[in-house]
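The values are calculated or read from the model by the stated rules, or taken from the named source; none is laboratory data. Note that the coordinates shown come from a computational prediction; the quantities given were computed from them, not determined experimentally. We place every Cβ from the backbone using ideal geometry, glycine too, and count neighbours over all the protein chains shown. What goes into the accessible areas is simple: the full protein's heavy atoms, side chains included, and nothing from ligands, DNA or RNA. Shrake-Rupley method; radii C 1.70, N 1.55, O 1.52, S 1.80 Å.
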Amino acid sequence: MKSPKRIKLMVLLVASMLLLCGCKIGNTEIVYLQNIWPNQVFKIDDEVCSKKEARVYLVNYRNIYGASYGVDLWQQDSNEESLETYIKEKALTQMARIKCMNGLAKEKDISLSGEEKKKAAKAAETYYKSLSKEERKYLDVKQSDIEDMYQEYLLAAKVYQSLTDKVDTEIRDDEARVMEVMQIFVSDEKKAEEIKARLQNGEDFAALAGSYNEKGSIQTSFGREDVPEEVAEEAFELDNDQITDAIKTDEGYYFIKCMNKYNRKLTDENKETLLEERKQEAFNKEYHAYMESVSKVLNQRLWEKTKVDAPKEIKTDSFFEVID
């Protein structure tokens, strides 16, 4: 089974889908705007991302992802270019998403409450105090700049919540049910016939799986959405210890033995996953409609010149942790 997956709380949109210049997204022409300034990274309708905002994101992502398990990836020549590309794409995606959702907030007349603004102010104070003198100078931001960024961050979350509030939260047990199984998968029809005959002769399923299975694991668990439809239709009719016949799919042949037809813990977790999918679907419908209606421009020259580097003493990495 793919372990309960999918993105939580907000949908991550591909930055290139939003910000490529000189093409179309749906019926929307992507054009350079005359009023974008040299220190502006991009503009989506009236929402602007400044160079200093981008620097905060890039530095924090650099320090979060630049070291892994105690190894400084920036010292590995083979990793540096791909890591820089990854961090820039991640930062651009996140910044674009937040700016878009703030534009959508204006359209929907959604705003932060007094308490939410206080939360942003408190978080900004906490983060700004965590910065060293060198970091403040390098980032070139004031506490008020961080507060503005946190307000936009919280407003984006509020837009998501507003657009998903009406989603039906009731998910039936059978819809979300996760079962534990042993499986045999083979891509060849002749092998499937051999397995079928040997199972009919009473041979042990686990032993056959050890000899034939082409999947990564023999014992696994899954929900209906995790396997091909043909497999789900037959597997979820099984009782404990029952075995399916060969199940033909586009990729090959499955044999499933049910070990536990209803894992309560995994089922409850899967309910949460399915609920988030419903929310994302509801959100995407309105979000994409909004995206079709707005103009978008990337300051490509500035962004190409922007590097993900910083002096060693610039170690700040808690920008997202503080507000989350």
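About its Cα centre, what dipole magnitude does segment 130-186 give when the only charges are +1 on Lys and Arg Cβ and -1 on Asp and Glu Cβ, stated in debye to the nearest 20?
Around 280 debye, computed over segment 130-186.
Keeping all protein chains in place, calculate the accessible area per residue for segment 166-324 (probe 1.4 angstrom), answer in Å². Provide the component values of the computation, followed by the final result.
On the way: 8860 Å² over 159 residues.
Averaged over the residues of segment 166-324, the accessible area is 56 Å².
Just going by the charge dipole of segment 156-249, with Lys and Arg at +1 and Asp and Glu at -1 on Cβ, which of Met179, Ser211, Asn240 is farthest out on the positive end?
In segment 156-249, that residue is Ser211.
Rounded to the nearest percent, how much of the accessible area of segment 98-193 (1.4 Å probe, protein heavy atoms only) is carbon and sulfur?
Carbon and sulfur atoms account for 44 percent of the accessible area of segment 98-193.
Are there GluC sites (Glu not before Pro) in segment 254-318 that DSSP puts in a loop and that have at most 11 other Cβ atoms within 10 Å, and which ones?
Answer in residue order: Glu313.
Quick one: if you stick a label point 7 Å off each Cα along the C-beta vector at Tyr65 and Lys285, how many nm between them?
Spacing of the two 7 Å Cα→Cβ label points: 3.2 nm.
Using packing as a proxy for protection, rank 44-56, 187-199 so that the peptide with the highest average count of other Cβ atoms within 10 Å comes first. Kindly include the intermediate steps, with their values, before the conclusion.
Values: 44-56: 18.8, 187-199: 14.5.
By packing density, highest mean first, the sequence is 44-56, 187-199.
So how far, in whole Å, is the C-alpha centre of segment 253-285 from the one of segment 159-231?
12 Å
Among Val231, Asn270, Ala310, which residue has its Cα positioned farthest towards the positive end of the charge dipole of segment 192-324, with +1 placed on the Cβ of Lys and Arg, -1 on the Cβ of Asp and Glu, and the dipole taken about the Cα centre?
The residue sitting farthest along the positive end of the dipole is Ala310.
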